[in-house]
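The values are calculated or read from the model by the stated rules, or taken from the named source; none is laboratory data. The model shown is predicted, which means the values in this text are computed figures rather than measured ones. Please note: Cβ atoms are built from the backbone with ideal geometry, for glycine as well, and neighbour counts cover all protein chains shown.
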Amino acid sequence: MALAIAALSALPASAQTLSEKVLAMEQGLEEDFAEYFGGEPMAVTQGPNEIAATLARMGAETGTNPAVIWVIPRGDHLHLVLLTAQGQPIVRDLYDVPDDLLRATVNDFMIETSSVVPRRNRPAAQKLHEWIIEPYEAEFLAAQGIDTLLFCLGGGVRGVPLAALHDGEQFLIEKYSLTRIPAFNLIQTDYTPLRPGNILAMGASEFDTQEPLPAVPTELSSILSELRGTRPEGENWQGRSFLNQGFTLPNLRLWLRAQSPTVVHLATHAVFEPGDPSNSYIQLWDSQLSLDDMRQMNWNSPSLELLVLSACRTAVGDDEAELGFAGLALQSGVKSALASLWNVDDAGTLALMNEFYSHLGQTTTKSEALRQAQLAMLRGEARFEGDQLLLPRGAVTVPSDLQTSAGADLSSPYYWAGFSLISSPW
């Protein structure tokens with residue numbers, strides 16, 4: 001099968017059927033990640049018909065209506081493909097969007113989104129929305145009632161904070177649940193409703209050579225409190241928390257094996273750097289776990305649904321760093337990962353994570369839980385007043401060393417748009 005697909009990808013575009021083009025595109029994406037992580041590309045087993053059938057099945061099981069959008073820069077143009085459960089790939093080739101224009105606009109978009117002050121005008125966000133979403137929105141997305149978008153992104157756009165795309169009136173997150181995927185054939189497409197299980201929460205607030213994360217103790221305790229004690233009877237989770245000296249590689253290995261967690265939450269610096277995957281890492285208390293070594297961890301136990309990294313920093317704009325970020329779930333073997341494209345203000349991260357966990361398991365998909373958390377911040381439902389983080393369900397006391405940043409306006413995309421679900425939205 002892999003040899004047949006490789007042969008397909010070598011055919012002139014004019015000689016390929018639409019189905020073959022999608023297969024070749026998927027194979028090319030798999031080869032990108034295999035080359036970066038040093039493995040062999042997997043065989044592409046799902047073409048458009050199979051992907052459409054999977055979307056239909058997952059939609060029926062989750063009560064959603066998902067679609068996949070491939071956004072692939074091709075040098076002299078931007079190549080777009082939409083596939084819904086109806087099964088026919090819809091191609092748009094934008095020859096007025098060459099790579100240099102696209103990358104310049106993405107750079108402008110990142111500058112817009114990095115502002116902590118809400119802006120009235122978002123020209124780059126609107127331009128990217130015009131290029132990526134508008135070719136499909138009215139005729140297909142709205143007409144078919146699509147509510148969940150899986151974005152498969154190529155080099156130059158893998159680091160785009162999709163939630164902050166803007167149509168002039170609304171952010172994209174106000175209309176859709178969003179997930180970025182490495183390739184459709186590289187994600188897990190089974191579904192089991194996320195029921196109460198075990199959470200392993202670890203983190204560090206103090207570092208020898210990196211900035212402290214003073215909200216981490218509150219983040220860990222409030223997450224455990226939310227999952228263990230505030231839900232109706234029978235819906236509470238079990239969990240353990242380890243801070244600073246307890247956050248070591250042997251301890252992580254031990255509790256992954258002993259606890260078989262459903263969710264692993266790591267509140268610490270995670271850095272995605274240019275170059276080899278060994279340059280990117282998760283900072284533990286006394287060591288670093290490189291992206292290159294992630295496969296050696298037993299993340300992919302049958303019960304593990306989600307890996308959360310709550311304080312990431314990615315070299316956005318660098319294709320290799322963005323491959324590492326987009327391939328996080330793929331490299332670790334977990335079904336889904338939640339991470340941030342930039343190191344969000346510590347107080348903002350505290351707000352986002354509290355809201356996310358309040359919705360996790362209460363919605364049918366992880367992507368919708370993240371969407372609801374982002375909307376709470378955008379709409380001012382999660383906000384700071386004095387030494388309190390006010391949330392729709394109650395208040396969390398903010399540590400004194402965070403209160404200087406706790407007056408922030410959390411409605412700005414800087415605080416919520418960088419958080420992204422990676423791989424399966426389900």
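Of all residues assigned to the stretch 29-37, none qualifies as being out of contact with any Pro (no Cβ under 9 Å at 6 or more places or on another chain) and either of a type outside the set (Asp, Glu) or modelled with pLDDT under 90 (or both). Starting from the stretch 17-44, take each residue that is part of a helix (DSSP H, G or I) and list its partners that are among the basic types (Lys, Arg) and at pLDDT below 95, counting only C-beta distances under 9 angstrom and pairs at least six apart or across chains. Cβ pairs passing all conditions: Phe37/Arg295. If you go through the stretch 95-129 and keep only what is under 21 Å from Pro161 (Cα atoms) and outside any helix (DSSP H, G or I), you end up with Val97, Pro98, Ser114, Ser115, Val116, Val117, Pro118, Arg119, Arg120, Asn121, Arg122. Residues in the stretch 192-204 that are surrounded by 15 or more Cβ atoms within 10 Å (Cβ to Cβ) and either of a type in the set (A, V, I, L, M) or at pLDDT below 95 (or both): Leu194, Pro196, Gly197, Asn198, Ile199, Leu200, Ala201, Met202, Ala204. Looking for something within 21 Å of the chain's Cα centre (by Cα) and surrounded by 18 or more Cβ atoms within 10 Å (Cβ to Cβ) - is there at least one such residue anywhere in the stretch 205-219? For the stretch 205-219, residues within 21 Å of the chain's Cα centre (by Cα) and surrounded by 18 or more Cβ atoms within 10 Å (Cβ to Cβ): present. Elements of the type strands (runs of 3 or more DSSP E) sitting completely within the stretch 220-292 and holding at least 3 residues that are over 29 Å from Ala395 (Cβ atoms), more than 24 Å from the chain's Cα centre (by Cα) and outside the structural domain of Glu305 (by TED's automatic domain parsing): there are none. Taking Gly234, is it surrounded by fewer than 16 Cβ atoms within 10 Å (Cβ to Cβ), at positive phi and at pLDDT below 90? In short, yes.
If the condition is being in contact with a Gly (Cβ under 8 Å, 6 or more places away or on another chain) and either of a type in the set (Phe, Trp, Tyr) or under 21 Å from Leu410 (Cα atoms) (or both), then the stretch 84-112 contributes only Met110. Would you confirm whether any residue within the stretch 55-65 is hydrophobic (A, V, I, L, M, F, W, C), more than 18 Å from Phe151 (Cα to Cα) and touching a helix residue (DSSP H, G or I) at 6+ places or on another chain (Cβ under 6 Å)? Taking every residue of the stretch 55-65 in turn, none turns out to be hydrophobic (A, V, I, L, M, F, W, C), more than 18 Å from Phe151 (Cα to Cα) and touching a helix residue (DSSP H, G or I) at 6+ places or on another chain (Cβ under 6 Å).
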